[in-house]
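Asker: Take a look at this one; I'll ask things after.
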Amino acid sequence: MNFLFYKVLGKLFNFRNEEVPSFLLHELVHQGENFLPFTTSSLKFRALACICNDLVVNQRKNYLEFGTGLSTILVARLIKKNGLKAHIYSIEEDKGWIEYIQHIIDKEGLTQYVTLFHLPTHPSTSLSQASLYDFETLRSQLDPSIHFDIILVDGPAAWEKHKLNSRLGNAQFIADTISSEATVFIDNANREGEKKLVAKLSQDFQVKPIYIDPTFAVLVNGKHYNFII
């Protein structure tokens, strides 16, 4: 009877799914000199733990982020702490925000693990209700031999109605640069634009998405060890 009670309670309240991940990430969150302000815009601890697990157990090398954030700092700390042969390539449209993150990265001696790209977005001429990154500029700044084996889609901003398809605009760049064995994490997967992105990538890679919660989807391409928590 108690088992059924707690099972129902766990489905009704998401806090249970955050307890173990937040415990596992505690040292990464608090190891630096800087307080990291987690807000409703931040990735959930369970999502962050899955990303960290994937980096470690599947020995990912090239990590692409659409949307720079506090996760950038945590992953950089993880790379340094575990001596991983990995590098973060992070794209951000907001100049003030990327400067804030860069300041923390520099202050904590994490610069060698992170390359930040400030890419403003522009209204799309081919996709309705979307503002897209300038991918031509990004391609000119990246080594063309780089293929990404772990990707997080948490940008560009897509919460306004006139921008709801903005993250769908990342699909072609992902398809062009992803490794044969890779993981794609998609935040806000319950929103209309992100649902289209999940469906598009699922079709492209012929894989079924895994939902670790209603707002966060994972697609895994190729062989891998389990990293889901």
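The values are calculated or read from the model by the stated rules, or taken from the named source; none is laboratory data. Values in this document were obtained by computation on a predicted structure and should not be read as measured data. For neighbour counting, all protein chains shown are included, and Cβ atoms are generated from backbone atoms with ideal geometry for every residue, glycine included. The area values use the complete protein model at the heavy-atom level, side chains included, leaving out ligands, DNA and RNA. Shrake-Rupley method; radii C 1.70, N 1.55, O 1.52, S 1.80 Å.
Asker: Can you tell me how many residues in segment 94-142 are in a helix (DSSP H, G or I) and either in contact with a strand residue (DSSP E or B) (Cβ under 8 Å, 6 or more places away or on another chain) or of a type outside the set (S, T, N, Q) (or both)? Show your work before the answer.
Answerer: Here is the first cut: in segment 94-142, the ones in a helix (DSSP H, G or I) are 95-107, 111-113, 135-141.
Keeping just the survivors that are either in contact with a strand residue (DSSP E or B) (Cβ under 8 Å, 6 or more places away or on another chain) or of a type outside the set (S, T, N, Q) (or both) gives 95-107, 113, 135-136, 138-139, 141.
Number satisfying all stated conditions: 19.
Asker: Filter segment 17-38 for residues that are in a helix (DSSP H, G or I) and surrounded by 13 or more Cβ atoms within 10 Å (Cβ to Cβ); which is modelled with the lowest pLDDT? Reasoning before the result, please.
Answerer: The initial filter retains those residues of segment 17-38 that are in a helix (DSSP H, G or I), namely 17-24, 26-30.
This time we only want the ones that are surrounded by 13 or more Cβ atoms within 10 Å (Cβ to Cβ), so: 17-18, 20-22, 24, 28-29.
On the way: ASN17: 75, GLU18: 82, VAL20: 84, PRO21: 88, SER22: 86, LEU24: 83, LEU28: 90, VAL29: 87.
Out of the qualifying residues, it is ASN17.
Asker: All but one of (1) within 22 Å of ALA47 (Cα to Cα); (2) at pLDDT 95 or above; (3) of a type outside the set (Gly, Ala, Ser) hold for LYS223; state the number of the condition that does not hold.
Answerer: Among (1) within 22 Å of ALA47 (Cα to Cα); (2) at pLDDT 95 or above; (3) of a type outside the set (Gly, Ala, Ser), the lone unmet condition for LYS223 is (2).
Asker: So, one more: Scan segment 117-170 for residues that are within 27 Å of LEU48 (Cα to Cα) and polar (S, T, N, Q) and jot them down.
Answerer: Those that are within 27 Å of LEU48 (Cα to Cα) and polar (S, T, N, Q): THR121, SER131, ASN165, SER166, ASN170.
Asker: I'd like to check something: does segment 192-201 contain any residue that is of a type outside the set (Val, Ile, Thr), touching a residue at least 60 places away in the same chain (Cβ under 8 Å), buried (at least 18 other Cβ atoms within 10 Å of the Cβ) and farther than 19 Å from THR68 by Cβ?
Answerer: Of segment 192-201, the ones of a type outside the set (Val, Ile, Thr) are 192-197, 199-201.
The next check asks that each one be touching a residue at least 60 places away in the same chain (Cβ under 8 Å); those that pass are 193.
Those left that are additionally buried (at least 18 other Cβ atoms within 10 Å of the Cβ): 193.
Okay, now just the ones that are also farther than 19 Å from THR68 by Cβ, so 193.
Among the residues of segment 192-201, at least one is of a type outside the set (Val, Ile, Thr), touching a residue at least 60 places away in the same chain (Cβ under 8 Å), buried (at least 18 other Cβ atoms within 10 Å of the Cβ) and farther than 19 Å from THR68 by Cβ, which makes the answer yes.
Asker: Restricting to segment 83-118, name every residue that is crowded, with 19+ Cβ neighbours inside 10 Å and among the hydroxyl-bearing types (Ser, Thr, Tyr).
Answerer: Once the filter is applied, which keeps residues that are crowded, with 19+ Cβ neighbours inside 10 Å and among the hydroxyl-bearing types (Ser, Thr, Tyr), segment 83-118 yields TYR89, SER90, TYR113.
Asker: For segment 173-191, name all the residues that are aliphatic (A, V, I, L, M) and open to solvent by less than 20 Å² (accessible area, probe 1.4 Å). Lay out the reasoning, then the answer.
Answerer: Taking segment 173-191 first, the residues aliphatic (A, V, I, L, M) are 174-175, 178, 182, 184, 186, 189.
Residues satisfying the conditions are ILE174, ALA182, VAL184, ILE186, ALA189.
Asker: Looking at the structure I just gave you, is VAL56 β-branched (Val, Ile, Thr) and open to solvent by less than 60 Å² (accessible area, probe 1.4 Å)? Break it down stepwise before answering.
Answerer: Details: β-branched (Val, Ile, Thr): yes; open to solvent by less than 60 Å² (accessible area, probe 1.4 Å): yes.
Against the criterion (β-branched (Val, Ile, Thr) and open to solvent by less than 60 Å² (accessible area, probe 1.4 Å)), VAL56 qualifies.
Asker: Would you mind stating whether PHE66 is closer than 27 Å to ASP134 by Cα, touching a Leu at 6+ places or on another chain (Cβ under 9 Å), of a type in the set (Phe, Trp, Tyr) and modelled with pLDDT of 90 or more? Don't jump to the end; show me each part of the working.
Answerer: Working: closer than 27 Å to ASP134 by Cα: yes; touching a Leu at 6+ places or on another chain (Cβ under 9 Å): yes; of a type in the set (Phe, Trp, Tyr): yes; modelled with pLDDT of 90 or more: yes.
When the stated conditions are applied, PHE66 passes them.
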